Amino acid sequence: MRFVTLDEFIAQTEQELPEATGELSGLLRDIGLASKIVNRDLSKAGLVDAILGDANTVNVQGEDVKKLDVIANDILKKCLQNSGECCGIASEEEEEFVAFKNRKKAKYVVLFDPLDGSSNIDVIAPVGTIFSVFKRKSPVGGLCTLEDFLQKGSEQVAAGYVIYGSSTMLVYTTGNGVNGFTLDPSIGEFCLSHPNIKTPEKAASYSINQGNYNSFPDNVKKFVDYCQDSTEKKAFSLRYIGSMVADFHRNLLKGGIYIYPSTKSSPKGKLRLMYECNPMAFLQEQAKGKATNGKIRILDIEPTALHQRTAVYIGSEKMVEMLEG
Ligand code: AHG
Ligand code: MN
Ligand code: MN
């Protein structure tokens, strides 16, 4: 069978859109390249002491930063600055957004979580990279501004993630369905392996840190109880690895729901709207699923700060609706 590489796919889909200028395509190709470099460094993590372990710093969220978080952040930043199409970035690992002084003519900004689930690195469990792309609001020719980044998720022009698991896969959308590409390490190319992903309507599993049960809101407690109740139906499987990308990926392909509610220690939720929830919500909706914070659609939340957090219920539509009550 003739396979289609990520670059070929991006070029083909661009041809189908008469208004496309090729700039977004170039940007997506550069993100693909950055993730191959991150993938290469991650695969050595278990071997190299100098790479593995704490960087002895805390990130802007007050959490421990593993060295690979910093390495992945730098790789993405560099690849995006080298790309002619990106005028600035915001990252979970950077306090402020970064405006690229040499890219004032570029049209897009990219927000990313360079390494999601980084506590999984020490135990060689899956981690990921999540990205979100917006068209800038400020005029082309000047430096990008905060308002370019603080846009509602519904304004995203592209979003995706890379999962570094038993194999490496890049999944993305530009608002015209969701496609997944598996990295063939022998040729160093992402190849189309999961075209037009639609999440199964019937959920098989639920993903939540159930150790926090006592501090969940009542509706979430009730839902978790329902998932376990096997009197009327088969109980759902609980699957939770502690890396949103990995838990989300399983649910996207097999059907399920990922929940990170507000808890006593994280009253606003733990996950970040701009780097984690918005891009995943865009993908989930494109795959015919649903994403809310329990009150409104994630993609309709008006952001007020780069590092803002939100509760998130995301997955198969019926499960999300059941949880919303
Ligand atoms: P990150 O490694 O980028 O800080 O993200 C970790 C996030 C998310 O990926 C994961 O689902 C969640 O934190 C796990 O949180 P708990 O350990 O509280 O369950
Ligand atoms: Mn994360
Ligand atoms: Mn992270």
(request) Could you check how many residues of the range 69-99 are without any contact (Cβ under 8 Å) to a residue 12 or more places away in the chain and touching a Ser or Thr at 6+ places or on another chain (Cβ under 8 Å)? (result) 0
(request) Could you list, in sequence order, all residues of the range 235-290 that are more than 16 Å from ligand 3 (Cβ to nearest atom), small (Gly, Ala, Ser), surrounded by fewer than 24 Cβ atoms within 10 Å (Cβ to Cβ) and assigned to a loop (DSSP other than H, G, I, E, B)? (result) Ala235, Gly255, Ser262, Ser265, Ala287
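Which of the residues that make up the range 115-162 are in a strand (DSSP E or B) and within 15 Å of ligand 3 (Cβ to nearest atom)? Walk me through how you get there before you give the answer.
Just the residues of the range 115-162 that are in a strand (DSSP E or B), to begin with: 115-116, 127-135, 140, 142, 158-162.
Of everything in the range 115-162, those that are in a strand (DSSP E or B) and within 15 Å of ligand 3 (Cβ to nearest atom) turn out to be Leu115, Asp116, Val127, Gly128, Thr129, Ile130, Phe131, Ser132, Tyr161, Val162.
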(request) Taking Lys105 as meeting all but one of (1) of a type in the set (D, E, K, R); (2) buried (at least 22 other Cβ atoms within 10 Å of the Cβ); (3) more than 16 Å from ligand 2 (Cβ to nearest atom), write down the number of the exception. (result) (2)
(request) Considering only the range 183-202, state which residues are outside any loop (DSSP other than H, G, I, E, B) and among the hydrophobic types (A, V, I, L, M, F, W, C). (result) Leu183, Phe190, Cys191, Leu192
(request) For the range 8-62, name all the residues that are modelled with pLDDT of 70 or more, farther than 22 Å from Leu80 by Cα, surrounded by fewer than 16 Cβ atoms within 10 Å (Cβ to Cβ) and among the hydrophobic types (A, V, I, L, M, F, W, C). (result) Leu17
(request) Just name the residue that is surrounded by the most Cβ atoms within 10 Å (Cβ to Cβ) out of those in the range 291-310 that are under 20 Å from Thr145 (Cα atoms) and within 16 Å of ligand 2 (Cβ to nearest atom). (result) Leu306
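The values are calculated or read from the model by the stated rules, or taken from the named source; none is laboratory data. Everything numeric in this text was worked out from a predicted model, so none of it was measured. All Cβ positions, even for glycine, are placed from backbone atoms using ideal geometry, and neighbour counts span all protein chains on display.
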